[in-house]
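Below is one structure, written out as structure tokens; comments come after it.
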Amino acid sequence: GVGPKMIAGKTNSSNVLRRALVQFDVSSIPANAIITSAKIKLQMVKTSSTAKMVSVHTTLADWGEGTSNDLTDGNGAPSTTNDATWIHRFHTATSWINAGGDYTAMASATLSVNAPGSYTWTSTGLAADVQNWVNGTATNNGWILIGDESTNKTTKHFATREATVVADRPDLEVTYTVPAPAD
């Protein structure tokens, strides 16, 4: 097995949309840092389609992670307490305002993904997201991944932090400078 997966896109025949959430701890970056680049690296472990665009959007509300694990082919698993679901930010206590998640309309980054392998999203938008989180002008609620939701069989499955192979786990690489102290 490849371990638990994050899925973005539309499933094979059930007409069900899938979106993935990802969040990284940026607290080790100094508050006065100037972010020069940010890269999200994900390992696609399975796909239902040819090349499709997958967009990364900032998530506008915090969300939870319960104990459920989808070890199947994207059919899901029963939700447990605090899981983020299509309806809930924290199962079953707190709902999203909008089913499917609350996120910025404009993507921070978009990338065409095709066959299984490693993919890296990078853009000035991702760098700006991290900058806002580091300097406190926005709350770090992570990102939501949205794939092609227009037709069936467009899902893209990405490894999660629970992946057996450490190199397959999601990764955020941030480059920054820290201004010299003023005299």
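The values are calculated or read from the model by the stated rules, or taken from the named source; none is laboratory data. Model, not experiment: these values are computed from the prediction. All Cβ positions, even for glycine, are placed from backbone atoms using ideal geometry, and neighbour counts span all protein chains on display. Surface accessibility is based on the protein's heavy atoms, side chains included, excluding ligands, DNA and RNA. Shrake-Rupley method; radii C 1.70, N 1.55, O 1.52, S 1.80 Å.
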Within the bounds of segment 159-173, is there any residue that is at pLDDT below 95 and more than 19 Å from Asp25 (Cα to Cα)? yes
So is Ala128 hydrophobic (A, V, I, L, M, F, W, C) and over 19 Å from Asp25 (Cα atoms) or not? no
Can you tell me which of Asn98, Asn132 is of a type in the set (S, T, N, Q), surrounded by 15 or more Cβ atoms within 10 Å (Cβ to Cβ) and free of Cβ contacts under 8 Å to residues at least 24 places away in the same chain? Asn132
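Among the residues that make up segment 36-48, is at least one of them closer than 17 Å to Val130 by Cβ, among the small types (Gly, Ala, Ser), modelled with pLDDT of 95 or more and open to solvent by less than 40 Å² (accessible area, probe 1.4 Å)? Full working, then the answer.
Step one: list which residues in segment 36-48 are closer than 17 Å to Val130 by Cβ, which gives 36-42.
Imposing the further condition that a residue be among the small types (Gly, Ala, Ser) reduces the set to 37-38.
Filter once more, so that each one left must be modelled with pLDDT of 95 or more: 37-38.
Then keep just the ones that are open to solvent by less than 40 Å² (accessible area, probe 1.4 Å); that gives 37-38.
Within segment 36-48, one or more residues are closer than 17 Å to Val130 by Cβ, among the small types (Gly, Ala, Ser), modelled with pLDDT of 95 or more and open to solvent by less than 40 Å² (accessible area, probe 1.4 Å).
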